[in-house]
Amino acid sequence: MFASTADNREKPVVRNGRIGLVEPTGRRVRALVVHDGALLGVLPPFEVTSPWWSDVEPVAAELDRRLGARTAVLRMVTATGIGMRGGEVTYVAEALTPPTSPPEWDGAPDPGVLAPQEHRMRWAEPGGPARVLDWAAAELRALEQPLTGPPVQVKSWNLSCLYRLPTTAGPVWIKCTPPFLGPEALAAGYVAQHDPDLVPTVLASTTDGGCTLMADVPGRDCWDADASTIGGVLPRYVTVQAALAGHALPALPDRRVSTLAARAERLLAPDVTGELDAAERQALTRVVAELPHRAAAIAAAGLPETLLHGDFHPGNWRSDGRRHVVFDWCEGSRGHPACDVLRLAGWLPAPLAELAAELWAAEWRAAVPGCDPDRAAELVRPVQHLEAALTYQRFLDGIEPDERRYHEGDPADQIREALAHCRT
């Protein structure tokens, strides 16, 4: 079978053979506050216990307290930590209501932070959170489950903005994503055609698919997934993928192996290869040139291309012990199913990665008699890393400069992983 290799998006650590999040170290926060389109000032720094830059729930809660107002974190301006966590982080934050407890300001912010940026997200500009929340409130009223309290901002960064909304029917979530990611409701909808309990219930989405209103999924995220959890998710997911194989899956991005050679040309551009040395650049050129041959060998292994989740790891699963749900479908695409199981294996300790590999292969052998899942997975491994490099580069190409800290270096790291697997 194949071994575990994790990428560097939000690396887990393994403790006692189990996977988990990095131990919290906290972060120091500075906030540049804007209200009604005007900058008010810089708040004195404060500490929060969560280290993750995108985790803004404790930041917004402290801003609410200090300003006596409802607030929203718009975006990050600077950060001194590494790996998307820790250090001192400066945010632009908006007072959505007039501050009733004006603080002692710690200086005046640079007005340039409000200058327009081509790739600024809809939720990251003044007035953006209010527009998102107004849309959600209107949809909830139409569903006859209106808000019962103020929305709680949970996450804000260049890949998503997430709010928890208290309603008469219990918690509801609104998630907004950038235009370079796919519509969350679309990929989840394809899954729901075959296994509606495997995905969150979509209540509404904007016409462009960029904001999705979803019912709450009780339970906890499955960072510490065990064999039972894997067994509760993986066979059902393979069943859905097998059912969708051969379908066109309209409007999903094309991540098929047969199209990778053309798409991988982006990785040969100087702004990407500048982080590689000469030998790595030459090796990458050879690997890209050989992709059509690799695609033919992968096709010969017999697994069909189908719906992909795109970020299929246990942190994107949720369970209450009975029901298992896969969420975060905004990277859904059409591609090779081995990409998802390799992603999963990269997040699991070796014994569980081996179990997942064996279970996945057995399910595909049953679904497609005569196929060779193990051979397909080995051939797809460098493909998976090239796809990851393209994904990270797509992030960098689509976000504003201040937030590039989240993803800089990631394409080159994934290219090096791909090259390493081509040598083995």
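Placing +1 on the Cβ of each Lys and Arg and -1 on the Cβ of each Asp and Glu in the chain, which of Cys330, Ile230, Ala264 has its Cα farthest towards the positive end of the resulting dipole?
Ile230
Taking amide H positions as placed 1.01 Å from N in the peptide plane, with prolines and chain starts having none, which residues 5 or more places from Trp53, or on another chain, fall under 5 Å of its amide H?
Excluding prolines and chain starts, which carry no amide H, the hits are Arg85, Gly86.
Mind checking the full-extension length gain between Ser258 and Ala420? Use 0.36 nm per residue of separation minus the Cα-Cα distance, one decimal, nm.
Working: separation 162, 0.36 × 162 = 58.32 nm, distance 2.14 nm.
Answer, rounded to one decimal: 56.2 nm.
Answer with one residue from Val288, Ala301, Cys339: the one whose Cα lies farthest towards the positive end of the charge dipole of segment 221-423, charges on Cβ with Lys, Arg +1 and Asp, Glu -1.
Looking along the dipole axis, the top candidate is Ala301.
Considering only DSSP states other than H, G, I, E and B, which trypsin sites (Lys or Arg not before Pro) in segment 264-364 qualify as loop sites with at most 13 other Cβ atoms within 10 Å?
Details: sites: Arg266, Arg281, Arg286, Arg294, Arg318, Arg322, Arg323, Arg334, Arg343; in loops: Arg322, Arg323.
Passing both the DSSP loop test and the Cβ count: Arg322, Arg323.
Segment 343-424: D in µm²/s via Stokes-Einstein (Kirkwood Rh, Cα pairs, 20 °C, 1.002 mPa s)?
Details: Rh = 14.5 Å.
After rounding, the answer is 147 µm²/s.
Checking a compactness column here: for segment 18-176, what do you get for Rg(Cα) / (2.2 N^0.38 Å), N being the number of residues?
Details: Rg = 15.8 Å, N = 159, 2.2 N^0.38 = 15.1 Å.
Relative to the 2.2 N^0.38 Å estimate, segment 18-176 comes out at 1.05.
Over the alpha carbons of the chain, what is the largest minus smallest coordinate on each principal axis, giving the biggest first in Å?
Result for the chain: principal-axis Cα extents of 69, 54, 44 Å.
Given charges of +1 on the Cβ of Lys and Arg and -1 on the Cβ of Asp and Glu, with all other atoms neutral, how large is the dipole of segment 139-212 about its Cα centre, in debye to the nearest 20?
Values: 4 positive and 6 negative charges, 59 e Å.
It comes to approximately 280 debye.
So for segment 306-364, considering every pair of alpha-carbon atoms, how many percent are separated by more than 20 Å?
Values: 445 of 1711 pairs.
Value for segment 306-364 (Cα pairs over 20 Å): 26 percent.
Would you calculate the separation in nanometres between label points at Thr49 and Ala251, each defined as 7 Å from the Cα along the Cα-to-beta-carbon direction?
4.2 nm
Would you mind giving the average projected area, over all directions, of the Cα convex hull of segment 32-114 in nm² with one decimal? All intermediate terms of the calculation are to be shown ahead of the outcome.
Working: hull surface 19.8 nm².
The number I arrive at for segment 32-114 is 5.0 nm².
So how strong a dipole does segment 221-423 carry about its Cα centre when Lys and Arg Cβ are +1 and Asp and Glu Cβ are -1, to the nearest 20 debye? Mind showing how you got there, number by number?
Working: 21 positive and 31 negative charges, 137 e Å.
In debye, rounded to 20, segment 221-423 gives about 660.
When the Karplus curve 6.51 cos²θ - 1.76 cosθ + 1.60 is applied with θ = phi - 60°, which whole-Hz ³J(HN,Hα) does each residue of segment 188-198 get, with x for Gly and Pro?
4, x, 4, 5, 4, 4, 10, 8, x, 7, 7
In nm, give the distance between the simple-model label positions of Arg281 and Arg365, each being 7 Å from the Cα along the Cα-to-Cβ direction.
Each label point lies 7 Å from its Cα, and together they span 4.6 nm.
Work from the charge dipole of segment 221-423 (Cβ charges, +1 for Lys and Arg, -1 for Asp and Glu, about the Cα centre) and give the residue of Gly321, Val240, Cys422 farthest towards its positive end.
The one lying farthest along the dipole's positive direction is Val240.
Taking every alpha carbon pair in segment 221-423, what does the distance histogram look like in 5 angstrom bins from 0, in percent?
Going from the shortest bin to the longest, the percentages are 1, 7, 15, 19, 19, 17, 12, 7, 2, 0, 0.
About the Cα centre of the chain, what is the dipole size in debye to 20, counting +1 per Lys and Arg Cβ and -1 per Asp and Glu Cβ, all else neutral? Mind dumping the intermediate values first?
On the way: 41 positive and 55 negative charges, 78 e Å.
Around 380 debye, computed over the chain.
Report, in deg cm²/dmol and to the nearest 500, the calculated mean residue ellipticity at 222 nm for the chain, where each DSSP H run with n ≥ 4 adds -39500 (n - 2.57) and the sum is divided by the residue count. List each step's numbers first, then the result.
Values: 12 runs with 149 residues, N = 424.
Calculated mean residue ellipticity at 222 nm is -11000 deg cm²/dmol.
At what distance in nm do the modelled label points of Thr201 and Thr80 sit from each other, each positioned 7 Å from its Cα along Cα→Cβ?
4.8 nm
Over segment 236-331, what portion of Cα pair distances is larger than 19 Å, expressed as a whole percent?
Details: 2707 of 4560 pairs.
Cα-Cα pairs of segment 236-331 separated by over 19 Å account for 59 percent.
Taking only C-alpha pairs under 8 Å that are 6+ residues apart, what is the relative contact order of the chain in percent? Spell out each step's value before the answer.
Details: 811 pairs, mean separation 72.7, N = 424.
The normalised contact order for the chain reaches 17 percent.
Whole angstrom only: what separates the Cα centroid of segment 119-157 from the Cα centroid of segment 263-311?
Spelled out, the Cα-based centre of one part sits 39 Å from the other.
Values quoted throughout were computed directly from the atomic coordinates according to the rules given, and no laboratory measurement underlies them. Everything quoted here is computed from the prediction, not taken from an experiment. In this analysis, Cβ positions are derived from the backbone assuming ideal geometry, glycine residues included, and neighbour counts consider all displayed protein chains.
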